[in-house]
Amino acid sequence: MNTYTTIDSPLGQLLLAGRETTLTSLSLPGQRGAPAVGADWRRDDAALAEAARQLSAYFAGRLTRFDLGLAPAGTGFQQRVWRALDDIPYGTTTTYGELARHLEVPRHEIRALGAAIGANPLLIVRPCHRVIGADGSMRGYAGGVERKVRLLTHEGALQPMLV
């Protein structure tokens, strides 16, 4: 049975889903491909309290690396890519090409790497927002490019924009 909770964040209300205390999904409002709470889901704030606590600490600037039980559903290739995201340090970025080299993904499979990053079900916790284009551009982000910019600015990888 899936459990879920929601927490307020600077990016809107986050939906955290899991099995008991293990996090399987974290999604943002309006996110492309985000799961919806099903009839067989049960709200359990206590089961996902540690994930909620760590996310609150992250947004408050007191946490730079998550330490949670994770169990996202995905192919072996996707799992490999998602685990590699954990190695991108807070406050930094990497490119799709650099990540492909690190994972020894052949050039003809870079689109598959991009698709795996785009299918990451654990936004923020598995920091796919830290992967950018080779030219420094903000490529797609399931939660929206404007949120990607906000996360990278929060982490200090981008300078705040003056308007």
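How many residues does the stretch 30-82 contain that are over 25 Å from Val145 (Cβ atoms), at pLDDT 95 or above and β-branched (Val, Ile, Thr)?
The total comes to 1.
So which residues in the stretch 104-163 are among the charged types (D, E, K, R), assigned to a loop (DSSP other than H, G, I, E, B) and over 22 Å from Leu16 (Cβ atoms)?
Glu104, Asp135, Arg139, listed by residue number.
Among the numbered criteria (1) of a type outside the set (Lys, Arg); (2) open to solvent by 50 Å² or more (accessible area, probe 1.4 Å); (3) at pLDDT 95 or above, which single criterion is violated by Ala134?
Tallying (1) of a type outside the set (Lys, Arg); (2) open to solvent by 50 Å² or more (accessible area, probe 1.4 Å); (3) at pLDDT 95 or above, Ala134 fails exactly one: (3).
Going by the structure shown, is Arg126 out of contact with any strand residue (DSSP E or B) (no Cβ under 8 Å at 6 or more places or on another chain) and either open to solvent by less than 50 Å² (accessible area, probe 1.4 Å) or under 19 Å from Ser9 (Cα atoms) (or both)?
No; evaluated as a whole, the condition is false for this residue.
Give the residue that is least open to solvent (accessible area, probe 1.4 Å), with candidates limited to residues of the stretch 87-101 that are in contact (Cβ under 8 Å) with a residue 40 or more places away in the chain and in a loop (DSSP other than H, G, I, E, B).
Out of the qualifying residues, it is Ile88.
Given the conditions (1) modelled with pLDDT under 95; (2) of a type in the set (Lys, Arg); (3) closer than 22 Å to Leu152 by Cβ, report the number of the one that Arg19 does not fulfil.
Looking at each condition in turn, Arg19 falls short on (3).
Hey, can you tell me all the residues within the stretch 39-63 that are acidic (Asp, Glu) and more than 14 Å from Thr22 (Cα to Cα)?
Asp40
The values are calculated or read from the model by the stated rules, or taken from the named source; none is laboratory data. What you see is a predicted model; the values in this text were computed from it and never measured. Backbone-built Cβ (ideal geometry, glycine too); neighbour counts: all protein chains shown. Surface areas here come from the heavy atoms of the whole protein model, side chains and all, with no ligands, DNA or RNA. Shrake-Rupley method; radii C 1.70, N 1.55, O 1.52, S 1.80 Å.
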